[in-house]
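The values are calculated or read from the model by the stated rules, or taken from the named source; none is laboratory data. If you're wondering where the values come from, they're calculated on a predicted model, not measured in any experiment. So basically every Cβ, Gly included, is an ideal-geometry build from the backbone, and we count neighbours across all protein chains shown. Protein only, heavy atoms only, side chains kept; ligands, DNA and RNA dropped before computing areas. Shrake-Rupley method; radii C 1.70, N 1.55, O 1.52, S 1.80 Å.
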Amino acid sequence: MVCIQCGATLRPQARFCNVCGAEQPPTTVDAETDGQAVDGVGKQKRPPRVPRHRDDDDEAEDVDNGADEHAERQSEPAAQIEPSSAEVATAVAEPPEAASESEQESELEPAVADVAPVGEPALEDDGEATLPETSTPLSVADMPTQEHPALPQMPPVAPISSLAGAPLAEPLNEPLPPYDLDETPEHPAQPALPTPTDGLPWPLPPTIIVGGRYRVEELVRSSQGEHGPENVYRARDLQAYEECWSCGAKHDNATALDPYCDQCGADMLSREFVLVERLTSEAGVGDAADAADGEMDAGTRVFTQGLRTYEVAPKPMSAIHFPSGVRVSAYVTADHGQTRQGEANEDSTALLVFDAVYNSRHDPRALGIVADGLGGHDSGQDASKLVVQTMLEVLVPALMPAATTDEQSEAKDDADAPAFDGEKLLREAARAANVALCAANDARQADMGSTLVAALIAGDSAWIANMGDSRGYVYDDHGLRRVTKDHSLVEQLIDAGMIPPEERYEHPQRNQILKSLGADPRLDADIFPQDLRPGMRILLCSDGVWEMVRDDELARILRETVSTAEACERIVHAANENGGEDNISVVLLDVSA
């Protein structure tokens, strides 16, 4: 099927052209179906109607075809269908005399605006388009048509006056429904932007300074507030050195060259402010203008500049937990236990605390490790020792500034240097220890294995890693909570609800470990990040501790003791008093401001 307007190839019985959008002649009908469409749809065609003029394209529907022409039209291609006399008679409902008048009018006025096609010209064998003999003679059909290789010839047209007798299918010039923006929520109506007469843009661009001291950093939002249109910015106070936001120390103008407080070392220009901008001409702004150039509650300041009123207040900040940095104290201890006296201790531990003080501010690095060689495996003490040594080889150079190269030192001084990634560093160290233990097993044809729990502290952050059933606890104002999760069969049974939690201490399969170092070099440790707070205590221990000393007793010891050494010794004593059935290893790190 070919489009009657642009000549594009269409699917059979297409209603509209998918190239130019022109409406195509209706489908053929069968006389036996009494006007029913032959495609099986079963819908009758609509009655003919007077074509309407369209602004975008002068086109209208074709009239119905006669039943006596059905057989002949079916035998021809869709592009060569010739309109029958019945079609023209249906569309042109005028006597021959009226047709002659229409012909005279068409000759006098050949350029008629409101026209529409009445039929498609039939193509003869020589390829020339001719009108059927029964159609109304039209002057425009006699006009020469210029051939174009790309565009087909347009069908003949007739003036609307020749179709005056045709019935109307629907009213003409029907108005379109109004378009309401409120019915399209994806395109909400935007408030009109004000046009200030002071020459400055609305909203203000970044880096501009208002009030002689507040530098605009970023536009947060523009909205319609209680006092009219307003802009909210994130800003900096370039004169914040007058009073330190951390300790409240007062400074003179000479301190402007050094933004760091000489009392606490805080960067006095680092605090952010919220700046609200309004027009003084808006209703309700007069109240704010009356209080301009003065201090309000909570450090809020209001001032006017030209035709605008500004309200600035410091951005709320979280509590400063460590104004002078973090201080870490730690202790480590170990014991064979009551039932393993004289045997090799299969636990290995390590403790490292390094504290650097820059500008009266502590910047600590701390590391605690507890590794428990698996019982029943070859040389459990060798396995735990290899794990601790490998982790120290990886972590110590990264934690000790004195061990870094000159290039690394320059990178640390660079402002664009990446931040300390304790989680990545601790994971790499645990992976290196696991790979080293697996390689040792391959070399010795052995079956060594070890659990691991380690804690890394850098600044006011900590990361705890574990594989196996050695545990990491955190004690703070909310009490004692276990951070790590045991990789054991019993723990899985508890998670599945098959046994109650209290059976983890007496279950006959409580020593079956499902994840440990030395079994598979592809295994990684679980990492648990922690935000430090003053008074927080991090406890690392082997299963010889938590199986003998229950969590409530551990919490009581940590609550009643002050020093790390006393707390560790009391935990070891309690484990031996309760049976001491395994090796005992404890590492305790205390955090203070």
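If you roll a 1.4 Å probe over the stretch 298-357 with all protein chains in place, what percent of the accessible area is carbon or sulfur?
Numbers: 1500 of 3090 Å².
C and S atoms contribute 49 percent here.
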* Asked: Can you list the residues, at least 5 places off or on another chain, whose amide H is less than 5 Å from the amide H of Glu217, using H built in the peptide plane?
  -> Thr207, Arg234, Ala235, Arg236
* Once amide H atoms are placed 1.01 Å from N in the peptide plane, what residues at a sequence separation of 5 or more from Gly325, or on another chain, have their amide H within under 5 Å of its amide H? -> His362
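Sorted by mean Cβ packing within 10 Å, highest first, what order do the peptides 6-14, 263-271 take?
Ranked from most to least packed, the peptides come out as 263-271, 6-14.
Can you give the net charge of the other residues whose Cβ lies under 13 Å from the Cβ of Val394, counting K and R as +1 and D and E as -1? If you can, show how the numbers build up before the last one.
Numbers: positive: Lys424, Arg427, Arg431; negative: Glu393, Glu428.
Counting the neighbours of Val394, the net charge comes to +1.
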* Solvent-accessible area per residue for the stretch 488-566 at a 1.4 Å probe radius, Å²? -> 49
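Local charge sum around Val328 (other residues, Cβ-Cβ under 10 Å, Lys/Arg +1, Asp/Glu -1)?
Details: positive: Arg327, Arg365; negative: Asp355, Asp590.
Local charge sum for Val328: 0.
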* Convert each backbone phi in the stretch 345-350 into a coupling constant with the Karplus relation 6.51 cos²θ - 1.76 cosθ + 1.60 (shift: θ = phi - 60°), then list the ³J(HN,Hα) values in order as whole Hz, x for Gly and Pro. => 7, 7, 8, 10, 9, 8
* Asked: Using a 1.4 Å probe on the protein chains only, how many percent of the accessible area of the stretch 200-278 belongs to carbon and sulfur?
  -> 48
* Apply 1/(1 + (r/R0)^6) to the Cβ-Cβ distance of Met498 and Gln341, taking R0 = 35 Å, and write down the FRET efficiency to the nearest 0.05. => 0.45
* **Other-chain or far-sequence residues with amide H under 5 Å of Ala266's (modelled H)** => Cys261
* To do: Take the solvent-accessible surface of the protein heavy atoms, probe 1.4 Å, and return the percent of it on the stretch 449-593 that carbon and sulfur atoms account for.
  => 46
